[in-house]
Amino acid sequence: MGAQIRVYRQKISSTTSMRKIFKAMELIATSRIGKARARVAASTPYANAITRAVSAVASQSEIDHPLVTEPEQIRRAAVLVITSDRGLAGSYSASVLKKAEGLNELLRAEGKEVKTYLVGRKAQAYFDFRSRSYSRVWTGGTDSPEFETAKEVGAALLEEFANDFAEGGVDEIHVVYTRFKSMVTQEPTVVRLLPLEVEEQAVSESELLPLYEFEPESEQVLDALLPRYIESRIFAAMLQAAASELAARQRAMKSAGDNATELIKKYTRLRNTARQAEITQELSEIVAGADALSA
């Protein structure tokens, strides 16, 4: 009985220590998610403004620009997968990777080659473990992304899009990330960046785009605007993913802390039961010894 009680005490002690860690991580995620949501909100006006500008050029000009023209044949696609650097965030990274796997299967079923680009150590570990190739990976700071990283990612993808197919170039670019909807809802999302698809949410339906005269030519305006548009879209996706990661981690750590509390209650009850059985056995032995002496 004594050994059993010691085992339960050790389990209670270790679970209590783990609960403290879970609680600390929950508090850290809670304190940082406010800033992450603020960054998402702050990036929205710029993203909307540049989307309107690109929409005006693309929709009001009869131009044949490779960034806004659907190619006759799409032979190779680039897929950017945005996950996290760290775990302990529930199914956050797994959901994004599952969405990316579904997209890859769909693209290959359409006869397209896929070039994969990764953001986050979780995506890198997933592909390395399965010995799958990827073109490039960016790690570090997924829960607090920097614009310089988004700019670097955008430049790499645009370079691939500008290259010919024979030189390893791609005909379209997709981004897989987690869209932040609320503290309890984060949705894995696929967006095609190029050729250009303007999201309806980005431009209000009640707002009509004004007529513009472009100086210099529309092609030159697109050459200047679209790289910034791609950078802003990638950065917005990274900010959405960061807010989603923190929300998922906060929720996962709260659940883990609650489970730890329940385990502590269970082990405490089992320890008390074992201790009571030990005391009862000792009393029985004392009574039996007294009866033997009296007899």
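Note on the chain: GNM, Cα springs under 10 Å; of Pro71, Pro188, Pro227, the largest mean-square fluctuation is that of Pro71. Once the 1.4 Å probe is applied to the protein heavy atoms, region 217-286 comes out at 50 Å² accessible per residue.
For the chain, the carbon plus sulfur part of the accessible surface works out to 52%, probe radius 1.4 Å. Pairwise alpha-carbon distances in the chain exceed 25 Å for 59% of all pairs. Sites listed here are trypsin sites (Lys or Arg not before Pro) in region 107-169 whose DSSP assignment is loop and whose Cβ has at most 10 other Cβ atoms within 10 Å: Arg130, Arg132. Rounded to the nearest 500, the helix-only mean residue ellipticity at 222 nm of the chain stands at -22000 deg cm²/dmol, with each DSSP H run of n ≥ 4 adding -39,500 (n - 2.57). The stretch between Asn48 and Met18, if pulled fully straight at 0.36 nm per residue, gains 6.4 nm over its current Cα-Cα span.
In straight-distance terms, cross-link reach from Lys35 covers every one of the lysines whose alpha-carbon lies under 16 Å from its own, apart from those fewer than eight places away in the same chain; here that gives Lys181.
At 1.4 Å probe size, put Tyr134, Tyr92 in order of accessible surface, largest to smallest.
Result of the area sort, largest leading: Tyr134, Tyr92.
The values are calculated or read from the model by the stated rules, or taken from the named source; none is laboratory data. Bear in mind that the values here come from a model prediction, so they are computed numbers and not experimental data. Positions of Cβ are backbone-derived with ideal geometry, glycine not excepted, and every protein chain shown enters the neighbour counts. With ligands, DNA and RNA removed, areas are computed over all heavy atoms of the protein, side chains included. Shrake-Rupley method; radii C 1.70, N 1.55, O 1.52, S 1.80 Å.
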